[in-house]
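Please read the structure below before turning to the comments.
The values are calculated or read from the model by the stated rules, or taken from the named source; none is laboratory data. Values in this document were obtained by computation on a predicted structure and should not be read as measured data. Glycine gets a Cβ as well: all are built from the backbone with ideal geometry, and neighbour counts include every protein chain shown. Heavy atoms of the whole protein, side chains included, go into the accessibility calculation; ligands, DNA and RNA do not. Shrake-Rupley method; radii C 1.70, N 1.55, O 1.52, S 1.80 Å.
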Number of protein chains: 2
Amino acid sequence: MLNLKNVVEPTLLLDEEKCRSNIRFMAEKARRHHLRFRPHFKTHQSLAIGDWFRDEGVDRITVSSLNMALYFAGGGWPDITVAFPANVREMAKIEHLARNVKLNLLVTAGETVKALDMKMPKKVGVYIKVDTGYHRAGIPSERIGEIDALLKTVTRSRRLFFRGFLAHNGHTYAAGSRSEIKRIHHDALGRMNRLKDHYLRSFPDLELSLGDTPACSVAEDFRGIDEIRPGNFVFYDVMQYRLDACSRDRIAVCLACPITGRSRHPDELLIYGGAVHLSKEYVTENDGGRNYGMIVKLSHAGWTASSPGLRLIHLSQEHGLVGGMLRPVPGFKPGGILGVLPIHSCLTANLMKGYLTLTGKRIANLAGNLTFPVI
Amino acid sequence: MLNLKNVVEPTLLLDEEKCRSNIRFMAEKARRHHLRFRPHFKTHQSLAIGDWFRDEGVDRITVSSLNMALYFAGGGWPDITVAFPANVREMAKIEHLARNVKLNLLVTAGETVKALDMKMPKKVGVYIKVDTGYHRAGIPSERIGEIDALLKTVTRSRRLFFRGFLAHNGHTYAAGSRSEIKRIHHDALGRMNRLKDHYLRSFPDLELSLGDTPACSVAEDFRGIDEIRPGNFVFYDVMQYRLDACSRDRIAVCLACPITGRSRHPDELLIYGGAVHLSKEYVTENDGGRNYGMIVKLSHAGWTASSPGLRLIHLSQEHGLVGGMLRPVPGFKPGGILGVLPIHSCLTANLMKGYLTLTGKRIANLAGNLTFPVI
């Protein structure tokens, strides 16, 4: 049980039950669709929470950096995909990982393939990262000439073997509705399957790996896909709730913030909780104002809904300003405490360096374990 | 000298010479205007950089949290103002600080004053935080009735003594020009001096404390002010440069980022460097696009100007997308490295947990020293 009196500074509360239920939901969905489930661990970045995935039968993971791969490899995860175009400046880390786990890397450039091939001590799988519409990273999926050229470099290498095509449809985060998420997902499925059709004769084992949280949460069509890699669903957040990718009661983390003052306006409150706790991520409300987090009431049992319009309207380094308090809320006064559902839980978890569960367990994550310098 | 080969992951470079020159500039300005200089240490959060302030004669500081106050008190700083409305839930930390340093707190609410008075082991100075136009925290400076009521609670307390009025004009950050910064500053000076005139007879020792980096950088009128508390000037950043609060060559930190891929467009590059390194702070360019950081070239001597239009146009957790490369820049290719001048150096320094100086020194800051849980 949570003793709120002991919560004296911004603290990231974690509802283990909701979190485990989110993990179970996605693991079951993957099983139902005969998809390999390789969850992205960049959201929670925690060995302890990783164990909750093991309880659902997960034995391979995705990470977004080599430091994160080293952390989870050290925690006994034997099969890791680093879902970021390989950074050859960190070759020593890549070599270490290649020796110790089943490692998959992403490539988008010929010079990266050549640099890796010269140094890898063992066979390492590579995915060609393709761009299916997000326009952030990867070779555009329709540029067969560029893909051919890169694939040739991979097949000529001695230490790298081609595993397939990998994409991240981050543009689902800009969708306005479930149907738009599905439309984007459907378009990406088409692009990925065209690649599979084109290359399957030459590479009969090639796989397709896809997986953003919005589409994995709401889509039911995964034809041709071999693997999904969602990450954010472990906690969800206000952004996912606003996309209708989850219901509000699935959000599994909440930043507890002390109330330290009133404001010029009677409907506002000052809290200790700012950009160094939540990040500056926001969503825009219908009234044009920014929303840096949704406000909830805290109790020893967790958090419950509060006045629906209540939100963080301003955020600086350590200060947050709560707006929209239409009538006084009991306990919302200096010395009290309230909860903020984060806009983007990945960034909040990284800033907060760990969690306090509703049963009082402290769980550190990678950001709280990293000393400076990293290596 | 910087060995760029050893820079393999996002690394916050610090130009000690520029940083010391920024400190000297502000210390001299304070001396010239007969102002007490109480720099805000929330930007650098580092004992080692604190020593550079000592070299300029600084012996009292401002911080934004009690954890930061404990860190600097432990490093031998004897006189600390916590520039955040006092969080009475952290009473144990406040008591510890009150016993060990000359402590000043901020109050905005009567219940805070009463809670502090019951617990303080020694006399503690308090400032009434007033709102001079930023509308974030504090009692609006024109509400004399509210100020009177709070002041009465302070004077009736046994352990707190009234030190004066403190304001932060954060709205200078939204100014469009030097003249607008000066106009906002001038308005705040008027408000603060009206308070001084009103209360000076009853409190002949009352002080006025002011100080945002934009105004402290460009204003020359500080009439009536006793103390300034700028912080960001120690590093400056793109936001300050765009406000014309500093020239670009005063920016003393730069995030070195490995280049890991090309993009769909020939004028774009993918770098390893994202929201967990820089924060999601951005400025909006004239073309309506977002700027998450300005791109510079790195050499063993530090950073130099690059193509002026080059900027970070997209940022996710670990990925950054550089846009605006009108022609190929030598060395800007996968495996290479480039520099990003941060939009908001306070948030970047907090995320990066420390610095690498151009002479190869590693300097940790508070965020890199905090283990989880904090206490």
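Translational diffusion coefficient of segment B:132-177 at 25 °C, 0.890 mPa s, Stokes-Einstein with Kirkwood Rh over Cα pairs, in µm²/s as a whole number. It would help to have the intermediate numbers written out before the result.
Numbers: Rh = 12.4 Å.
Diffusion coefficient, whole number: 197 µm²/s.
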Query raised in the report: So what is log10(I(q)/I(0)) for segment A:80-193 at q = 0.13, 0.22, 0.23 1/Å, when the Debye sum runs over its Cα atoms only?
Result: -0.52, -1.13, -1.20
Report summary line: Under the 7 Å Cα-to-Cβ spin-label approximation, B:Lys122 and B:Leu200 lie apart by a distance in nanometres of 3.1 nm
Report summary line: Treating only Lys and Arg (+1) and Asp and Glu (-1) as charged, each at its beta carbon, one finds that segment B:47-201 has a dipole about its Cα centre, in Debye to the nearest 20, of 500 debye
Query raised in the report: Taking θ as phi - 60°, what are the ³J(HN,Hα) couplings along segment A:263-276 by the Karplus curve (6.51, -1.76, 1.60), each to the nearest whole Hz, with x for Gly and Pro?
Result: 10, 4, 9, x, 8, 10, 9, 9, 10, 8, x, x, 5, 7
Query - chain B: DSSP helices with Cα axial extent of at least 27 Å and average Kyte-Doolittle hydropathy no lower than -1.0 - result: none
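Accessible area per residue for segment A:55-102 in Å², computed with a 1.4 Å probe and the full protein assembly in place, what is it?
31 Å²
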Query - Approximate spin-label separation B:Asp267-A:His34, in nm, with each point projected 7 Å along Cα-to-Cβ - result: 4.7 nm
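Determine Rg/Rh for segment A:1-155; Rg is computed over alpha-carbon atoms and Rh is the Kirkwood hydrodynamic estimate from the same atoms.
Using Cα coordinates only, the ratio equals 1.05.
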**Report entry** B:Glu318 long-range amide H proximity, modeled H, under 5 Å
**Finding:** B:Ala275
Query raised in the report: Which trypsin sites (Lys or Arg not before Pro) does segment A:179-255 hold that lie in a coil by DSSP with at most 13 other beta carbons within 10 Å?
Result: A:Arg201, A:Arg223
Query raised in the report: Within chain A, which is the longest segment containing none of the GluC sites (Glu not before Pro) that sit in a DSSP loop and have at most 15 other Cβ atoms within 10 Å?
Result: A:1-141
Query raised in the report: When N is the residue count of segment A:322-372, what does its C-alpha Rg come to as a fraction of 2.2 N^0.38 Å?
Result: 1.53
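Excluding ligands, DNA and RNA, what is the solvent-accessible area per residue of segment A:219-375 at a probe of 1.4 Å, expressed in Å²? If you can, show how the numbers build up before the last one.
Numbers: 5140 Å² over 157 residues.
Accessible area per residue, segment A:219-375: 33 Å².
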Query raised in the report: Whose amide H sits under 5 Å from the amide H of B:Asp79, counting only residues 5 or more places off or on another chain, with H placed in the peptide plane?
Result: B:Ile61, B:Lys102
Query raised in the report: Highest GNM mean-square fluctuation, chain B, Cα pairs closer than 10 Å: which of B:Leu315, B:Leu326, B:Leu12?
Result: B:Leu326
Query - For B:316-324, mean number of other protein chain Cβ atoms within 10 Å - result: 5
Report summary line: For A:Asn100, inter-copy label-point distances (7 Å, Cα→Cβ), nm, shortest first, read 3.6
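Percent of Cα-Cα pairs more than 15 Å apart in segment A:218-260, please.
Details: 503 of 903 pairs.
Within segment A:218-260, distances greater than 15 Å cover 56 percent of Cα pairs.
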Query - Only Lys, Arg (+1) and Asp, Glu (-1) charged, at Cβ; the protein assembly as shown dipole about Cα centre in debye - result: 920 debye
Requested in this report: List the distances, in nm to one decimal, from the label point of A:Met1 to the label points of the same position in every other copy, shortest first, placing each label point 7 Å from Cα along the Cα-to-Cβ direction.
Outcome: 6.7
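Stick to the Cα atoms of segment A:126-202, pair each with every other, and give me the Kirkwood hydrodynamic radius in Å at one decimal.
Its Kirkwood hydrodynamic radius stands at 13.3 Å.
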Query - chain A: antiparallel DSSP beta bridges as a percent of all, rounded to 5 - result: 50 percent
Requested in this report: Hey, can you grab everything whose amide H is under 5 Å from the amide H of B:Gly133? Only 5+ residues off in sequence or another chain; H modelled, so Pro and N-termini drop out.
Outcome: none
Requested in this report: Decide, for segment A:39-92, between rounded, prolate and oblate: order the square roots of the alpha carbon gyration tensor eigenvalues as a ≥ b ≥ c, take rounded if a/c falls under 1.5, and otherwise choose prolate if a/b is larger than b/c, else oblate.
Outcome: prolate
Query raised in the report: Magnitude of the Cβ-charge dipole of segment B:76-139, K/R +1 and D/E -1, about the Cα centre, nearest 20 debye?
Result: 140 debye
Query raised in the report: If one computes the Cα centroid of segment B:128-157 and of segment B:250-309, what distance in Å separates the two points?
Result: 42 Å
Query raised in the report: Efficiency by 1/(1 + (r/R0)^6): what FRET value for A:Lys333 and A:His135, r their Cβ-Cβ distance, R0 = 41 Å, to the nearest 0.05?
Result: 0.30
Query - Karplus (6.51, -1.76, 1.60) ³J(HN,Hα), θ = phi - 60°, over segment A:278-295, in Hz, Gly and Pro reported as x - result: 9, 6, 8, 5, 9, 10, 9, 7, 4, 7, x, x, 8, 10, 9, x, 9, 8
Report task. Have a look at chain A and give its Rg and Dmax from the Cα atoms, expressed in angstrom. Result -> 21.9, 69
Requested in this report: Return the value, in Å² to the nearest 100, of accessible area buried between chains A and B (probe 1.4 Å, both sides summed).
Outcome: 6100 Å²
Report task. Output, in nm with one decimal and in ascending order, the distances from the A:Leu200 label point to the matching label points of the other copies (7 Å from Cα along Cα-to-Cβ). Result -> 8.6
Query raised in the report: For segment A:35-110, what % of the accessible area comes from carbon and sulfur atoms, probe 1.4 Å?
Result: 48 percent
Report task. Please figure out what share of the DSSP beta bridges in the protein assembly as shown is antiparallel and state it in percent, rounded to the nearest 5. Result -> 50 percent
Report task. Mind scanning B:Lys123/B:Lys152; A:Lys152/A:Lys196; A:Lys18/A:Lys361; A:Lys42/A:Lys333; B:Lys18/B:Lys361 and naming the pairs with a C-alpha gap bigger than 24 Å? Result -> A:Lys42/A:Lys333
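What FRET efficiency comes out for A:Asn286 versus B:Lys5 if R0 is 60 angstrom and r is the Cβ-Cβ distance? Round to the nearest 0.05.
Efficiency, rounded to the nearest 0.05: 0.70.
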Report summary line: Of the residues A:Phe41, A:Thr348, A:Gly261, the Cα lying farthest along the dipole of chain A towards its positive end, which is defined by charges on the beta carbon of Lys, Arg, Asp and Glu, belongs to A:Phe41
Query raised in the report: What translational diffusion coefficient, in µm²/s and rounded to a whole number, does the Stokes-Einstein relation yield for the protein assembly as shown at 20 °C and a viscosity of 1.002 mPa s, taking the hydrodynamic radius as the Kirkwood radius over Cα pairs?
Result: 80 µm²/s
**Report entry** Cleavage-rule hits (trypsin sites (Lys or Arg not before Pro)) in segment A:63-127: DSSP loop, at most 14 neighbouring Cβ within 10 angstrom
**Finding:** A:Lys122, A:Lys123
Query - Residue of chain A nearest the A-to-B rotation axis [by Cβ], rounded angstrom distance - result: A:Lys280, 2
Report summary line: Gyration tensor on Cα atoms of segment A:277-375, a ≥ b ≥ c root eigenvalues, a/c under 1.5 rounded, else prolate if a/b beats b/c, else oblate, says oblate
Query raised in the report: Taking the alpha carbon gyration tensor of segment A:260-306, what are the square roots of 5 times its eigenvalues, largest first, to the nearest whole Å?
Result: 19, 16, 14
